[in-house]
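To start, the structure under review is shown below, and the notes come after it.
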Amino acid sequence: QTRSLLGVFEEDAAAISNYVNQLFQAMHRIYDAQNELSAATHLTSKLLKEYEKQRFPLGGDDEVMTSTLQQFAKVIDEASTCICFTSCHAVLSTQLADAMMFPITQFKERDLKEILTLKEVFQIASNDHDAAITRYSRLSKRRENEKIKAEVIEDVYTSRKKQHQTMMHYFCALNTLQYKKKIAMLEPLLGYMQAQISFFKMGSENLTEQLEEFLTNIGTSVQNVRREMECEVENMQQTIEDLEVASDPLYLPDPDTTKFPVHRNLTRKAGYLNARNKTGLVSSSWERQFYFTQGGNLMSQARGDVAGGLVMDIDNCSVMAVDCEDRRYCFQITSFDGKKSSILQAESKKDYEEWICTINNISKQIYLSENPEEIAARVNQSALEAVTPSPSFQQRHESMRPTAQSRPPAARTSSTGSLGSESAALSALSLDSLVAPDTPIQFDIISPVSEDLPGQAKSSGQSGRRTNPFGESEGSKSETEDSILHQLFIVRFLGSMEVKSDESPDIVYETMRQILAARAIHNIFRMTESHLLVTCDCLKLIDPQTQVTRLRFPLPNVVLYATHQENKRLFGFVLRTSGGRVESRQTSVCYIFESNNEGEKICDSVGLAKQIAFHAELDRKASEKQKEIDRVKEKQQKELNKQKQIEKDLEEQSRLIAASTRSNQSSGEGQFVVLSSSQSEDSDLGEDGKKKRESEA
């Protein structure tokens, strides 16, 4: 925080220097170039008017200054219109040199350069202090040399004292600069106006009593600011002396624990630590960084970084003192699953014990209670045992393994519940037309495997196939093996949320922005790692440990996919599903993942899978159409054959009737009588009888 505040002051000093240089150049033009006097006066007035547009980081009381400079600009504009070059031009030059150029030159050459010099001295003192601390941290514990140790301690004491004194004087100069800025701006302008009043006789009608009163008030204000600055400087000098006396014991790198007791009930701590980094099989290096705890996380921040980064999740972790070869005050932190560990070195024994106690308190999740200090006091005894050096870390870890194995399931259950509650309550803050309003964000994968297992067992029982131990039937496995495309990627699930549209890649970009912003706001750092399997019919999220399918996305429902425009590790896709009480209602959900620089490859793989599926669908439809055409042709052929058979039967029946008629005619005359009688009957029956006989025939 101190260095961040110092950066703001240094930025303000740079802005002041830039503005003063411009103002100095404008006034120097008034002094040097009499032919450009009018133009230079106009430029000065313009710069005074632009003072209110300047963005000084520490500009808190600039309203009075702005109004005053605006009045000065107005008066300068009025005076510049009455410029008259006379024989008193040399007097004007002398007055401008004494009353206007001297104060601003002195401020520019003395005060601003003093700031730069103190900044360089402070930087050198900081570097010397870092070098002394590094040398002190490298003191060997085995080869104890009192002379070298005394020299190193004296070096740390001297460098730390020098850094502190230089820092306080530097801070004093930066604070004083705020007052000198006002004097350096108002005093030259006051001298300029007085020179103009004495020089321009033709402008005497513009010098009213109100203007003289205004100048008198400005002169009084400058004197008041000067007296206030002197009083403030005196107070700061007294504060510096008091701090030097009070801070003298703190310059030692390892203060006396009797004077500065160890606080063992802490649930938050921050400070500089040395972290060991392995550079080879047996070699390692130490890096000094600023560490701090934030909830159940251990964070680190390098010098110059804007924010800290996550080092380790210290919920349910184990911490203990360890023996290093050439370092003192070392301790090791191991995560709850034993997969990640870090060895750190504290600067003093006090910090060493406080860090162990604090991490031990956080690992028991004491910080979540209402009175963490009271609960931490109860477990103070266990914290004291933790700072005792352990001869073997492996032995310590093996002794704690049963407890560690019994605790993670509860911890994981609680973390899943917290993520679920966060995803249910968290909504995007600035939703536009791309994302549905009041949409909750889901940060964890809710696997449907446990719900699908009974159905899978039933289906496998019906088909007579055995269900394997991983929750997948052999039938689904054979379907996956029949696919042409098989590509596997390692991804980490960031979150998902419902979207209003699925027609533009901007939907994926906006969802990425909101999910990443929500994770940063709510400090959600955990990500579920999975294997993404891309096939021609679906996308599968597979657990890398158990090979169980967590989620299955049908490929036809994946309607949109895209990679982040700048960060190619981020990619996402939109899944269109039917949801809600009405089955016809379509909903779109956007899923966002992080990969290992393979976002574009995954999108290309999904696109290839959709192309293969599209061509397969075209082939299937063409095959079905051809089958339909063949069925129609076969049906037409059957109808044609049936019609031919009917015609053939009619022809055969007609031939038989004709043959029977010829045989009746060749028989005797008696039969002709019968025929004539039948004909007479037909004539008696009329038309109805004829139709009846025709139908019988």
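The values are calculated or read from the model by the stated rules, or taken from the named source; none is laboratory data. Bear in mind the structure is a predicted one, so any value in this text is a computation, not a measurement. Don't worry about glycine lacking a Cβ; one is built from the backbone with ideal geometry, like all the others, and counts go over all protein chains shown. To get the accessible areas, we keep the full protein, side chains included, count just its heavy atoms, and leave off ligands, DNA and RNA. Shrake-Rupley method; radii C 1.70, N 1.55, O 1.52, S 1.80 Å.
Within segment 143-154, not a single residue is crowded, with 19+ Cβ neighbours inside 10 Å and of a type outside the set (A, V, I, L, M).
Within segment 123-140, is even one residue small (Gly, Ala, Ser), closer than 28 Å to ILE197 by Cβ and surrounded by fewer than 16 Cβ atoms within 10 Å (Cβ to Cβ)?
Step one: list which residues in segment 123-140 are small (Gly, Ala, Ser), which gives 125-126, 131-132, 137, 140.
Narrowing the set further to residues that are closer than 28 Å to ILE197 by Cβ leaves none.
Scanning segment 123-140, I find no residue that is small (Gly, Ala, Ser), closer than 28 Å to ILE197 by Cβ and surrounded by fewer than 16 Cβ atoms within 10 Å (Cβ to Cβ), so the answer is no.
Taking each residue of segment 103-116 that is surrounded by fewer than 16 Cβ atoms within 10 Å (Cβ to Cβ) and looking for partners that are outside any helix (DSSP H, G or I) and not polar (S, T, N, Q) with beta-carbon atoms closer than 6 Å, six or more apart or interchain, yields nothing.
Scanning segment 51-69 for residues that are open to solvent by 60 Å² or more (accessible area, probe 1.4 Å) and modelled with pLDDT of 75 or more gives GLU52, LYS53, GLN54, ARG55, GLU63, VAL64, SER67.
Results for (1) in contact with a Ser or Thr (Cβ under 7 Å, 6 or more places away or on another chain); (2) outside any helix (DSSP H, G or I); (3) hydrophobic (A, V, I, L, M, F, W, C), shown as yes or no for each residue.
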residue: ILE602; (1), (2), (3): yes, no, yes
residue: LYS610; (1), (2), (3): no, no, no
residue: ARG631; (1), (2), (3): no, no, no
residue: LEU640; (1), (2), (3): no, no, yes
residue: GLN645; (1), (2), (3): no, no, no
residue: ASP649; (1), (2), (3): no, no, no
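In the set ASP242, ASP254, only one residue is at pLDDT 90 or above, more than 30 Å from GLN194 (Cβ to Cβ) and acidic (Asp, Glu); that residue is ASP242.
Among the residues of segment 289-339, which ones are over 30 Å from GLY7 (Cβ atoms) and of a type in the set (Ser, Thr, Tyr)? Scanning segment 289-339 gives SER318, TYR329, THR334, SER335. Any idea which of (1) assigned to a helix (DSSP H, G or I); (2) open to solvent by less than 40 Å² (accessible area, probe 1.4 Å); (3) among the aromatic types (Phe, Trp, Tyr) is the one PHE614 doesn't satisfy? Going through (1) assigned to a helix (DSSP H, G or I); (2) open to solvent by less than 40 Å² (accessible area, probe 1.4 Å); (3) among the aromatic types (Phe, Trp, Tyr) one by one, PHE614 breaks only (2). Just one of the listed residues (GLU347, GLU325, GLU353) is modelled with pLDDT under 80 and open to solvent by 20 Å² or more (accessible area, probe 1.4 Å), namely GLU325. Suppose we keep only residues that are closer than 16 Å to ALA346 by Cα and among the hydrophobic types (A, V, I, L, M, F, W, C) within segment 267-291. Which one would you say is surrounded by the fewest Cβ atoms within 10 Å (Cβ to Cβ)? Filtering segment 267-291 for residues that are closer than 16 Å to ALA346 by Cα and among the hydrophobic types (A, V, I, L, M, F, W, C), the one surrounded by the fewest Cβ atoms within 10 Å (Cβ to Cβ) comes out as ALA270. The residue list LYS149, LYS141 contains one member that is within 48 Å of the chain's Cα centre (by Cα) and not in a helix (DSSP H, G or I), which is LYS141.
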